[in-house]
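Take a look at the structure set out below.
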Amino acid sequence: MSFHKNPRQSHMYGGLSVLALTLSLTACGGGSDTSAESAASAEGKAQIASAYKATTTSTPTLVAQPSNTEGRLLASNCFQCHGTLGTGGFDNIRGSEASEVLEFMTKTANRDIMAAHAQGYTPEQLKKIISYLQQ
């Protein structure tokens, strides 16, 4: 069975497309702004451009990275609560405080959120995290 286009149908659909496009343009103003609308539009665009420029031209803050990065990937889970590199958030875990993580290995995990986190690592992994955070 072969399919033949009816020339009348093709012409009819083409006419409907033009009509739909014309009605759409008419409904949205047809692209013709009055001078007041044009000025308001230009002012709005200027405000948006100014706000965009203000948020995209800030200077990034550089954070010094420790030289030994072996435990960094493991320690990155800590940064969710304790801030970037463990300096901020709930408690500072950077430096000498890092060794306190080992204490949570003996606590009940269902009563202490830190115990639950610490017990998710092997002792070797915790030592790598502590070594990284003590730099």
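The values are calculated or read from the model by the stated rules, or taken from the named source; none is laboratory data. All figures in this text were calculated on a predicted structure; none of them were measured in a lab. Backbone-built Cβ (ideal geometry, glycine too); neighbour counts: all protein chains shown.
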Residue in the stretch 52-63 that is touching a Leu at 6+ places or on another chain (Cβ under 7 Å) and modelled with pLDDT under 80 present: yes
Could you count how many residues in the stretch 85-102 are surrounded by fewer than 12 Cβ atoms within 10 Å (Cβ to Cβ) and either modelled with pLDDT of 80 or more or over 14 Å from Gln135 (Cα atoms) (or both)? 1
Residue set Tyr121, Tyr132; condition part of a loop (DSSP other than H, G, I, E, B), modelled with pLDDT of 85 or more and of a type outside the set (Val, Ile, Thr); output residue Tyr121
Criterion (within 20 Å of the chain's Cα centre (by Cα) and on the phi > 0 side of the Ramachandran plot) met by exactly one of Gly95, Gly88, Gly83: Gly83
Please enumerate the residues belonging to the stretch 103-118 that are surrounded by fewer than 16 Cβ atoms within 10 Å (Cβ to Cβ), part of a helix (DSSP H, G or I) and over 30 Å from the mean Cα position of the chain (by Cα). Glu103, Met105, Thr106
Within the stretch 66-84, of all residues that are polar (S, T, N, Q), in contact with a helix residue (DSSP H, G or I) (Cβ under 8 Å, 6 or more places away or on another chain) and in contact (Cβ under 8 Å) with a residue 60 or more places away in the chain, the one farthest from Gln135 (Cα to Cα) is Thr69
